[in-house]
1. For the list (1) surrounded by 17 or more Cβ atoms within 10 Å (Cβ to Cβ); (2) under 22 Å from the mean Cα position of the chain (by Cα), I need the number of the one condition that TYR532 fails.
2. Is region 468-491 home to any residue that is touching a His at 6+ places or on another chain (Cβ under 8 Å), in contact (Cβ under 8 Å) with a residue 40 or more places away in the chain, farther than 25 Å from GLU366 by Cα and open to solvent by 20 Å² or more (accessible area, probe 1.4 Å)?
3. Do we find that ARG388 is open to solvent by 60 Å² or more (accessible area, probe 1.4 Å) and modelled with pLDDT of 95 or more in this structure?
4. Check GLN343 against each of (1) more than 22 Å from PHE275 (Cα to Cα); (2) in contact (Cβ under 8 Å) with a residue 60 or more places away in the chain; (3) open to solvent by 30 Å² or more (accessible area, probe 1.4 Å) and name the one condition it does not meet.
5. Restricting attention to region 405-455, report how many residues are of a type outside the set (Asp, Glu) and open to solvent by less than 60 Å² (accessible area, probe 1.4 Å).
6. Does region 490-500 contain at least one residue that is more than 18 Å from VAL201 (Cβ to Cβ) and at pLDDT 95 or above?
7. Tell me the residue from ASN373, ASN369 that is of a type in the set (S, T, N, Q), farther than 27 Å from ASP557 by Cβ and open to solvent by 70 Å² or more (accessible area, probe 1.4 Å), please.
8. Restricting the search to region 164-192, which residues are in contact with a strand residue (DSSP E or B) (Cβ under 6 Å, 6 or more places away or on another chain), closer than 30 Å to TRP265 by Cβ and open to solvent by less than 10 Å² (accessible area, probe 1.4 Å)?
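The values are calculated or read from the model by the stated rules, or taken from the named source; none is laboratory data. What you are looking at is a predicted structure, and each value in this text was computed from that prediction instead of being measured. For neighbour counting, all protein chains shown are included, and Cβ atoms are generated from backbone atoms with ideal geometry for every residue, glycine included. Calculation scope for accessible area: heavy atoms of the full protein, side chains included, ligands and nucleic acids excluded. Shrake-Rupley method; radii C 1.70, N 1.55, O 1.52, S 1.80 Å.
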Amino acid sequence: MNRWNVGGPPPVARVQAATPFDMPSRATAWGLLSAFLLAAAAVVVAPHCAIGMPVAAAATDTVEDASDLTRIGLEDLMKLEVTSASRHEQVLSNVASAITVIGRDQIRASGATTLAEVLRMVPEMQVAHIDANIWSISARGFSGRIANKLLLLVDGRSVYSPIFAGVYWDEQDLLLEDIERIEVIRGPGASVWGANAMNGVINVITRDAHDTRGAALGAAAGNEELGGGSARWGGTLGTRGAFRVFARGASRAGSAIPGTAENAWDSWSGLHAGFRADVPVSDRTRWTLTGDLRSGDAGQSIYEAIDSPPYKLQVSPRTTVKGGNLMASWQRKLSAYSDITLQGYTDVSDRNDDVLQSHVETYDLEFKNHVSNGRSEFVWGLGGRVVRDRLDSTAVLYFAPDHEARSMLSAFAQDEIVLDNRHVRLTLGTRVESSYDAASSARPEWQPSIRAQWSPGERHSLWGAVSRAVRTPSRAENDIRYHLATMPTGGPPAEVTIYGDSAFQSEILVAYEAGYRFAPTPAVMFDVSSYYNEYSRLRTVEPGSSTFSPTPTPHIDVRESWENKMHGDTRGIGGSIAWSVSRNWKLNANASCLVMRLHLDPGSQDVSSVSGENNEPAQQYMLQSQFQFTPRWRWDATAYQIGRRPSQSMPGYTRLDLGLAWQVRDGAELSLMGMNLLQRRHYEDDGVQSGLIPTQVERSFTARVSVLLGSNR
């Protein structure tokens, strides 16, 4: 039986006529030459890249010249300040978490045009295309169309869906040029970020408006990126402030259904516009105000369950999305040792297709106080969130109730204590959250963490941690009624419907982690982390009652429901190496290994959930080369080796992306990027868990032009 993951039910729509679909051409000679150069670099760096000796961060470039790879050396990476692990500025070498920082130079070198593609560079992150606009993304296992154990933030604003639990990646079409860095915590971050920060936290940090004054124009076109463009303008506000406004639009090609000449109808397009203003009112106080508007249209091919043979029908629905958000942040320094932040945002999102039309409003307010006395870094906060939804239903899927308001109150506190002449740090923290809705009372969830870090020298850092995190139920798991499939039985067909359950509980993780960062020379740095995760109360699909119904045609109604009857564990190791081969050549490499085991609890009759333990590649590798061979010419290359997915009978694949950029003059650049050059096409995920008809990732080429004008050229 084909099961659709209610982490994101596929929409159902009219059948569209198939048309021939043009495939891209084979790789050019320059692509093969680049593959040879990258392979030579791999041979040089191989002795340093054994799994278990890999690393963390890439440096961000300066505003003045983002193409200069020498502005920040590796010796400065251990001193790079990050904020996502502890909710205050913290030197990377003192972070007792597995954290990867992706800077602007790495984003540029990757050739990625979407946030989802950028995340391929992160160790322990599983990133795969299901079709042209739908990704399966997670960290440390449990990937899927909408992975429910990974929290995505944009400047601290959550974009995690409360309806189906997870992230709609096609809606996160950010302007990558405005990203300052991406901080990725691999592992739980729940003690400071709360529920659903279970297997990882991704915090996208955008650039201060003071760093983007002037004009920036960009355009791209290719056989997959059919056409796209962006425009940005930044200026000053009064004597201290700055602002920027931007707009971005893109249209991407669809794919062909493998083995046929039929169009998969999975093309997509989107528009995104917004602004940011940073206003330092005084030396102690500053405001930040951001806002975004977005819209998009995407297609896909799925099998719709029907009541007569062959009991399924290929359909090609379209999904339209639109929404916007407004966020304000007020920061004040009370003294040299204390500061406070008050941040609030509202987000409105509409996602519509022929199965479900959803309207979701989120209102969030948080207060945070950070106090430092030299021997202690104490941060605490209080927060509240209200989520209101309206879910218009169909005969295929509906919610009971179809509209609801849920509220959540939270409090967190964390203290980082310096011991033993500043060589040892102990971090104790916890977060408690209570959710309320019209049908239930408070459900408090405690998420504590204890972390220790030891720095025997400036270039060494060892750490360990034990954490508890939860993944709270979504509206789908509590309230959904969803027609999964129609099956032949030899008699009347059986119609399988899954029911949500108000008694569904939070999934629980207890994580044990350890890691080591080391910079043996100013030119080499590596980071390795290992983990053992124990999960309980995992979601299963349990069979219920079966009844005969004579209408509208004779059939058997089979009832299934979500329950918490599975446990399991994952273990793995991963990290990355950064090596400055010379002033003009940088190499970044990473590797990861994952072992996953799932077990049904006594009494469970689930027949499908355990297969997810073999749904992830056991090994993954990445090597990226950034070579500035003249002041105006840059050569970027990134190679990936992804292991097979046994439960999907999905073979592994090797991917090579190459880019050549020419700085025509200061502030103006032309570039050509080739993606997936080693194969004409390949699968990355079979889409079975989401009910989608998968398509293959195609070889593609993209030409780009970018022009910077103004003070930050």
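1. Here TYR532 clears every test but (1).
2. Taking every residue of region 468-491 in turn, none turns out to be touching a His at 6+ places or on another chain (Cβ under 8 Å), in contact (Cβ under 8 Å) with a residue 40 or more places away in the chain, farther than 25 Å from GLU366 by Cα and open to solvent by 20 Å² or more (accessible area, probe 1.4 Å).
3. When the stated conditions are applied, ARG388 passes them.
4. Just one mismatch for GLN343, condition (1).
5. Our first condition is that a residue be of a type outside the set (Asp, Glu); within region 405-455, this holds for 405-414, 417-419, 421-432, 434-436, 438-444, 446-455.
From the residues that got through so far, the ones that are open to solvent by less than 60 Å² (accessible area, probe 1.4 Å) too are 405-408, 410-414, 417-418, 424-427, 429-432, 434-435, 440, 442, 447-449, 451-453, 455.
Adding up the residues that qualify gives 30.
6. Residues of region 490-500 that are more than 18 Å from VAL201 (Cβ to Cβ), as a first pass: 490-500.
After this cut, where a residue has to be at pLDDT 95 or above as well, the list is none.
So far as region 490-500 goes, no, none of its residues is more than 18 Å from VAL201 (Cβ to Cβ) and at pLDDT 95 or above.
7. On the way: ASN369 fails: open to solvent by 70 Å² or more (accessible area, probe 1.4 Å).
Selected residue: ASN373, the only one of ASN373, ASN369 that is of a type in the set (S, T, N, Q), farther than 27 Å from ASP557 by Cβ and open to solvent by 70 Å² or more (accessible area, probe 1.4 Å).
8. Result: VAL167, single match.
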